[in-house]
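These notes are about the structure you will find just below.
The values are calculated or read from the model by the stated rules, or taken from the named source; none is laboratory data. Here the structure is a predicted model, which is why all the values come from computation and not from measurement. So basically every Cβ, Gly included, is an ideal-geometry build from the backbone, and we count neighbours across all protein chains shown.
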Amino acid sequence: MADATEWTDAQRFWLAHYPPNVAHHVSIPEVSLHGLVAQVVRAHPDHTALVYYGRRYSYEEFWREAGRFAEQLRSDGIRPGDRVALYLPNSPLYPIALFGILRAGAIAVQISPLYLGDDLVTLLRDSEPWAIVTLEILYPNLARSRAQYRVPRAYVARFRDFYPGFARPFVNRVLRRHGRSTDFPTDPEVVPWTTVRQRDGRSFADAVVDPATAVAVLQYTGGTTGTAKAAMLSHRNLIANVVQANTWNVRRRAGDEIILTAIPLFHIYGLTVGLLLGLTEGDTVVLQTQPNVPELLTLIRRYRPTQFPGVPALYSGLLRDPRTKQYNLRSIRFCLSGSAPLPGEVQKQFEALTGAALIEGYGLSETSPATHVNPVEGDRRAGSIGLPLPDTDEKIVDLETGTRELPIGEEGELAVRGPQVMLGYYRRPSETALVLQNGWFRTGDVARLDADGFAYIVDRIKDMINVGGMKVWPREVEEVLFQHPAVQEAAVVGAPDPDLGEVVKAYVVLKPGATATGADLTAFVRARLAHFKAPRSVEFLNALPRTGVQKVLRRVLRAPTAPAPASGPAPTRPD
């Protein structure tokens, strides 16, 4: 394939393998993200936008609440282009605050509520927000970070206020039982959310922005392989990905979907797939604060969701829980799996259980996030992340320079191009230049393409293990370990070795009641892969360290201080 400024459809050879009812190209509305949702509000003011444990918000009510916050921000001196951080778990406050920020013309900074201490300070220093939105149960983390970075203004809400009235008396009781302080802060920079709600919000004049150049969200990369950076996602980036994804999903019924969002909104996958895909088309979004299988089952029975975006660990958890068989999950028609590789057996079992299409996709913070998805109907290929979404181009380039395009079937770095690709990294022009070249984004993932354009991720470039000059990609070893009947989870990293530089080390979580030794697992891998790819040591854990969206934290596994081992078999070093 030639590397031209603009490719023709003849060069996009994968289009021949698109499902017949999926458009090759999409029309991206020339409007801001808040302008797009405002159109839905005008058309369907009484339709339910959000549901939170029984508390329902119509589109009109949700929009008025966002208008109140936008009005407060403007009154407090926040101007277009200023940064306002979101430090929140999933709750109605998240979309309300997000769209209040956007309607004021400001930029939303996504910060995980799991962050505290150095992690929190690092992101605050990097983004320098003028204000932050949080809950009283999270505010102590901000207070402890004040010496390193002080946000000028904090809008603080009580967590219980977003629950239905009958549940509020119990919320604080549960929070205190879990060691959370429910005391409301009185620091001078705190603006109580009750003050925000005193505003009218009906007649707020939304900021007018250029959707192609105005940053809507600063989305931090997961930080699983290094220092987190903020991807600058424009209004057009996010809208483009919404349109691309909704075009791809031929099962969706715009305005009639009920999307159960358990994945965190602070992550780009949750933000786009769990929230924006629905709100921009008049669907109903059911929010869960954090993934919990028993609670998920109750929510599914109560609200009958039609879409359930998730991660492999969540689908696997539902399959493992014996209570799942007592629930009817047949309302679910479509599930998109992202954030980590989807094991084929999990996909097969979940589809049999629900009748839904469980589709594996691929994306990154820098691409808003989706670039590839398997067809919802038709040709799905095991182990593949699928085909490029409409108006998304793909190629494989050499690992050394990133400038030489490789032929079909050869492994190299996946590069993508499309309207969903970020503007760049915030305040990091040199790092932006390394990954954005001539309109192409270098993903950092090693992949190959087949003759029909389906892409297959081999592994992260930074995760490659160099065993005496021989390359080992952790994913291929992990997939073999996953086939062992005793293995529930596995992660592979490189461990220092005086002779070979690095050797393969495996961290394994066994299935309940199962037994296996390190020697058993090493022999299992050696029977299926080259010997240098087999683990030289195996350590058993009760759980793998993961991010909030269930990505394995390899940097933690590679750290000198190992995670706490399981109480089962002792670590072994089979030679």
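Data overview
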quantity	calculated
Matching residues, the range 1-44, being in contact with a His (Cβ under 7 Å, 6 or more places away or on another chain), more than 18 Å from Arg380 (Cα to Cα) and surrounded by fewer than 17 Cβ atoms within 10 Å (Cβ to Cβ)	Asp9
Test: residue in the range 297-310 that is in contact with a Ser or Thr (Cβ under 9 Å, 6 or more places away or on another chain) and small (Gly, Ala, Ser)	yes
From Glu6, Glu30, residue being farther than 18 Å from Leu275 by Cα and in the same structural domain as Glu410 (by TED's automatic domain parsing)	Glu30
Matching residues in the range 253-281 - criterion: being under 20 Å from Ser32 (Cα atoms) and among the polar types (S, T, N, Q)	Thr272, Thr280
Only one of Ile300, Ile359 that is of a type in the set (Val, Ile, Thr), within 26 Å of Gly255 (Cβ to Cβ), assigned to a helix (DSSP H, G or I) and in contact with a Phe, Trp or Tyr (Cβ under 9 Å, 6 or more places away or on another chain)	Ile300
Residue within the range 233-255 that is under 25 Å from Leu387 (Cα atoms), touching an Asp or Glu at 6+ places or on another chain (Cβ under 7 Å) and of a type in the set (Val, Ile, Thr) present	yes
Check on Thr392, under 30 Å from Ala212 (Cβ atoms), among the hydroxyl-bearing types (Ser, Thr, Tyr) and over 21 Å from the mean Cα position of the chain (by Cα)	no
Set Ile396, Ile408: member being assigned to a loop (DSSP other than H, G, I, E, B), farther than 30 Å from Pro512 by Cβ, among the aliphatic types (A, V, I, L, M) and modelled with pLDDT of 95 or more	Ile408
Which numbered condition Ala340 fails, given (1) among the small types (Gly, Ala, Ser); (2) farther than 24 Å from Leu238 by Cα; (3) in contact (Cβ under 8 Å) with a residue 40 or more places away in the chain	(2)
Pairs with Cβ under 9 Å, 6+ apart, first in the range 174-200 and farther than 18 Å from Tyr163 by Cα and in contact (Cβ under 8 Å) with a residue 60 or more places away in the chain, second part of a loop (DSSP other than H, G, I, E, B) and of a type outside the set (Val, Ile, Thr)	Val191/Asp76
Residue check, Arg83 within 23 Å of Ile239 (Cβ to Cβ), in contact with a Phe, Trp or Tyr (Cβ under 9 Å, 6 or more places away or on another chain) and assigned by TED's automatic domain parsing to the domain that holds Ser234	yes
Residue match in the range 509-526 (condition: touching a helix residue (DSSP H, G or I) at 6+ places or on another chain (Cβ under 6 Å) and either among the small types (Gly, Ala, Ser) or under 15 Å from Glu476 (Cβ atoms) (or both))	yes
